[in-house]
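Undergrad: Handing you this structure, nothing more for now.
Values in this text are rule-based calculations from the coordinates and carry no lab data. These figures come from a predicted structure and were not determined experimentally. Every residue, glycine as well, gets a Cβ built from its backbone with ideal geometry; the counts of neighbours run over all protein chains shown.
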Amino acid sequence: MTVRQRKFIGAILLLILVTVWSLGVMALSQSPSLAAWFASGRVAQILFYAIAGMGWVLPAMPLIRWMQRADT
């Protein structure tokens, strides 16, 4: 597989990852278990969204590494 093909496939997979991740975080943030924690203040919400917002980077790293691999 060429680098160009891997980058195309990887770009599509990254879009799917970010979409699914954001929908999952939205669903999780609306759960009753987090409602009590969010009621404790604005800092709790900022922490949650900062961590959840950057969380997609870890699963994306191996995908990006695969996309950058040289042709075989």
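Undergrad: Expressed as a whole number of Å, what is the distance separating the alpha-carbon centroids of the stretch 14-35 and the stretch 42-71?
TA: The stretch 42-71 and the stretch 14-35 have Cα centres separated by 13 Å.
Undergrad: Nearest 10 degrees is fine. How inclined is helix 42-54 to the longest principal axis of the chain, computing both from alpha carbons?
TA: Tilt relative to the chain: about 10 degrees.
Undergrad: Here is a further query. Counting pairs of alpha carbon atoms under 8 Å apart in space and at least six apart in sequence, what relative contact order in percent does the chain give?
TA: Relative contact order for the chain comes out at 67 percent.
Undergrad: Could you work out how far helix 3-29 tilts from the main Cα principal axis of the chain, as a 0 to 90 degree angle to the nearest 10?
TA: So the inclination is approximately 10 degrees.
Undergrad: Can you compute the helix-only [θ] at 222 nm over the chain? Use -39500 (n - 2.57) per DSSP H run of at least 4 residues, normalise by all residues, nearest 500 deg cm²/dmol.
TA: Theoretical 222 nm ellipticity from helices: -26500 deg cm²/dmol.
Undergrad: So which trypsin sites (Lys or Arg not before Pro) in the chain pass both tests, a DSSP loop state and at most 16 other Cβ atoms within 10 Å of the Cβ?
TA: Passing sites in the chain are ARG69.
Undergrad: Between GLN30 and VAL18, what is 0.36 nm times their sequence separation minus the Cα-Cα distance? Round to one decimal in nm.
TA: The GLN30-VAL18 span can extend by a further 2.5 nm.
Undergrad: What's the FRET efficiency of VAL3 with MET54 using the Cβ-Cβ distance as r and R₀ = 22 Å, to the nearest 0.05?
TA: 0.20
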